[in-house]
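> This is the structure I want to talk about, given as structure tokens.
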Amino acid sequence: GKPTLAVVGATGAVGTVMLGILSERADVWGEIRLIASPRSAGRKLTVRGEQVEVVALSEEAFEGVDVAMFDVPDEVSAQWAPIAASKGAVAVDNSGAFRMDPNVPLVVPEVNAHAARVRPRGIISNPNCTTLSMIVAMGALHAEFGLSELIVSSYQAVSGAGKEGVDTLREQLVKVAGTELGTQPGDVRRAVGDTGPFPGPMALNVVPFAGSLKEDGWTSEELKVRNESRKILGLPGLRVTATCVRVPVITTHSLTVHARFENEVTVAAAHEILASAPGVVLCDNPAKGEFPTPADVVGTDPTWVGRVRRSMDDPNALELFVCGDNLRKGAALNTAQIAEVVAAELTGVA
Ligand code: 2RA
């Protein structure tokens, strides 16, 4: 029969998008079990057009589960993904708890689907949304030109910080709408008051800090881009520098990328690769005003790439602008794709 899937964290920002994605994609699952904190147990959610009652997270909840997706905070995954695995499920985890564990593969199916088969702990990790928003395009270019360095700046949407992030921006936008704020030092900060999960106002502003502070002034997000890109691409020595910035966008992360390669590159060759790469859409006609923006990309599955230029001072380097929906490919969609790779393996289709 078809494998049983559990969705842990079904009521969260990513879980909600996941239920929509599971309803749209080819139906490879038998039972879909929805699991959340005891606080949400008993709620009914719609998946595949059916009402399903949410059950509380417990050991018994994983009985008979073949694949368990986790969209929960790091500490919840750290505790419960190994329990799901000990019950015989393959855990596909979207937290940061296991991504850099050498015994846990970090998988983006378009780039390294093969890595999903080797999972000594019964756990597969899903990358962070910032890495995921550009890595499919980078993987395609790497396969052709051989990547040697990435220098990126991110423009990250507030939904990366969950529902609280979205609520915070929406409340702030109401406070600044129709005013003349944004003309005096501190006027926006005073008007919006509470900045919620962000270290500065998000309305009428950009904040050059996402995640938490780590060593030498780097943030957790910046280290994730570096470490995860290296692991996914299988390039442990890849030079990577990231500056992660939060912008007043609800959903869809963008990045500017300076990518340096072993070999000389041309825009025409890069266009050809990006236009034919699975999971990538090339949208690059600036003369017609055509380039990806979060407002146009949100709600879609692919990684969108535009503004492709060859670096003026380096024939081996490209400059690009990349957008990806951080809740879809950046989280739920990639997790669903990994789970489908496992389902195909379990049912002998792969
Ligand atoms: C963010 N990447 O955008 C984080 C979410 N995991 O805040």
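The values are calculated or read from the model by the stated rules, or taken from the named source; none is laboratory data. No experiment lies behind these values; they were computed from the predicted model shown. Positions of Cβ are backbone-derived with ideal geometry, glycine not excepted, and every protein chain shown enters the neighbour counts. The protein model used for the area step is the full one, side chains on, heavy atoms only, and it has no ligands, DNA or RNA in it. Shrake-Rupley method; radii C 1.70, N 1.55, O 1.52, S 1.80 Å.
> Using 20 Å as the Cα-Cα cut-off, could you pick out the over-long pairs in Lys44/Lys87; Lys2/Lys87; Lys288/Lys329? Write down the numbers at each step before the final one.
Working: Lys44/Lys87 25 Å; Lys2/Lys87 18 Å; Lys288/Lys329 27 Å.
Going by Cα-Cα distance, Lys44/Lys87; Lys288/Lys329 fall outside the 20 Å limit.
> Check Val90: other-chain or 5+ apart residues with amide H under 5 Å from its amide H, H built from backbone geometry?
So Val90 has HN proximity to Val67, Ala68.
> First select every other residue whose beta carbon is under 12 angstrom from the beta carbon of Leu45; then total the charges, Lys and Arg +1, Asp and Glu -1. Kindly include the intermediate steps, with their values, before the conclusion.
On the way: positive: Arg33, Arg43, Lys44, Arg48; negative: Glu50, Glu53.
After counting each charged neighbour, the total is +2.
> Something else about it: Suppose every K and R has +1 on its Cβ and every D and E has -1 on its Cβ; what is the size of the dipole of the stretch 54-149 about the Cα centre, in Debye to the nearest 20? Spell out each step's value before the answer.
Numbers: 5 positive and 12 negative charges, 50 e Å.
In debye, rounded to 20, the stretch 54-149 gives about 240.
> Oh, and also: Which loop-located trypsin sites (Lys or Arg not before Pro) does the stretch 211-296 contain, where loop means any DSSP state but H, G, I, E or B and the Cβ has at most 16 other Cβ atoms within 10 Å?
Lys214
> Which residues among the stretch 274-309 fall inside the zone where the amide N is under 17 Å from a point 7 Å beyond the Cα of Glu144, along Cα→Cβ?
The answer is 274-285, 303-309, whose backbone nitrogens lie closer than 17 Å to the label point.
> Helix-derived [θ] at 222 nm for the chain: sum -39500 (n - 2.57) over DSSP H runs of at least 4, divide by residue count, nearest 500? Write down the numbers at each step before the final one.
Values: 10 runs with 109 residues, N = 350.
Only helices count here, giving -9500 deg cm²/dmol.
> To continue, here is another question. Where nothing but the Cβ of Lys and Arg (+1) and of Asp and Glu (-1) is charged, how large is the charge dipole of the stretch 1-115 around its Cα centre, in debye to the nearest 20? Don't jump to the answer; show the numbers that get you there.
Values: 9 positive and 15 negative charges, 45 e Å.
With only Lys, Arg, Asp and Glu charged at Cβ, the dipole is about 220 debye.
> I would also like to ask the following. Can you give the extra length, in nm with one decimal, that the chain gains between Glu264 and Arg121 once fully stretched, where that is 0.36 nm per residue apart less the Cα-Cα distance? Each step should come with its number before you reach the end.
Details: separation 143, 0.36 × 143 = 51.48 nm, distance 4.06 nm.
Length difference between fully extended and current span is 47.4 nm.
> While we're here: Of the options Asn112, Val90, Val28, report the single residue whose Cα projects farthest towards the positive end of the charge dipole of the stretch 1-116 (beta-carbon charges: Lys, Arg +1; Asp, Glu -1).
It is Val28.
> With the crude spin-label approximation of a point 7 Å out along Cα→Cβ, what separation in nm comes out for Ser311 versus Ile151?
Label-label distance for Ser311 and Ile151, simple model: 0.6 nm.
> Find the accessible area per residue for the stretch 113-271; the probe is 1.4 Å, ligands and nucleic acids are left out, and the unit is Å².
Numbers: 7030 Å² over 159 residues.
For the stretch 113-271, the per-residue accessible area is 44 Å².
> Looking at the chain, which longest stretch skips every one of the GluC sites (Glu not before Pro) that is in a DSSP loop with at most 16 other Cβ atoms within 10 Å, leaving the sites themselves out? Could you put the intermediate results ahead of the total?
Details: sites that count: Glu31, Glu59, Glu63, Glu180, Glu262, Glu264.
Looking at the chain, 64-179 is the longest stretch - no exposed GluC sites (Glu not before Pro) with at most 16 other Cβ atoms within 10 Å.
> Another question about this same structure. Say the dipole of the chain comes from +1 at the beta carbon of Lys and Arg and -1 at that of Asp and Glu; which of Val298, Cys323, Ala287 then lies farthest toward its positive end?
Of the candidates, Val298 comes out farthest on the positive side.
> Where in the stretch 1-40 are there trypsin sites (Lys or Arg not before Pro) that are in a DSSP coil and have at most 16 other Cβ atoms within 10 angstrom of their Cβ?
Working: sites: Arg25, Arg33, Arg39; in loops: Arg25.
For trypsin sites (Lys or Arg not before Pro) across the stretch 1-40 that sit outside H, G, I, E and B with at most 16 neighbouring Cβ atoms in 10 Å, the list reads Arg25.
> Then there's this: Counting only protein heavy atoms and a 1.4 Å probe, tell me what percentage of the stretch 257-350's accessible area is made up of carbon and sulfur. If you can, show how the numbers build up before the last one.
Details: 2190 of 4080 Å².
Summing carbon and sulfur atoms, their accessible area is 54 percent of the total for the stretch 257-350.
> While we're on this one: Ignoring ligands, DNA and RNA, please state the percent of accessible area on the stretch 1-68 from carbon and sulfur, probe 1.4 Å. Could you put the intermediate results ahead of the total?
Values: 1480 of 3080 Å².
Reported share for carbon and sulfur atoms: 48 percent.
> Select from Ala41, Pro3, Val240 the residue farthest towards the positive end of the dipole of the chain; place +1 on Cβ of Lys and Arg, -1 on Cβ of Asp and Glu, and compute about the Cα centre.
Ala41
> Can you give the charge dipole size of the stretch 182-275 about its Cα centre, rounded to the nearest 20 debye, using +1 on the beta carbon of Lys and Arg and -1 on the beta carbon of Asp and Glu? Walk me through the numbers before you get to the answer.
Working: 10 positive and 10 negative charges, 37 e Å.
For this selection, approximately 180 debye.
> Arrange the peptides 6-12, 76-82, 130-136 so that the one whose residues have, on average, the most other Cβ atoms within 10 Å appears first. Walk me through the intermediate numbers first.
Numbers: 6-12: 25.0, 76-82: 20.0, 130-136: 27.4.
The packing order, highest mean first, is 130-136, 6-12, 76-82.
> Now for a separate question. Per the 1.4 Å probe, what fraction of the accessible area of the stretch 132-227, in percent, lies on carbon and sulfur atoms? Walk me through the numbers before you get to the answer.
Values: 2370 of 4610 Å².
On the stretch 132-227, the fraction of accessible area on carbon and sulfur atoms equals 51 percent.
> Still on this structure: Just to confirm a number: summing +1 for Lys and Arg and -1 for Asp and Glu over residues other than Gly146 whose beta-carbon lies under 14 angstrom from that of Gly146, what do you get? List each step's numbers first, then the result.
Numbers: positive: Arg239, Arg260; negative: Glu144, Glu149, Glu262, Glu264.
Computed value for this residue: -2.
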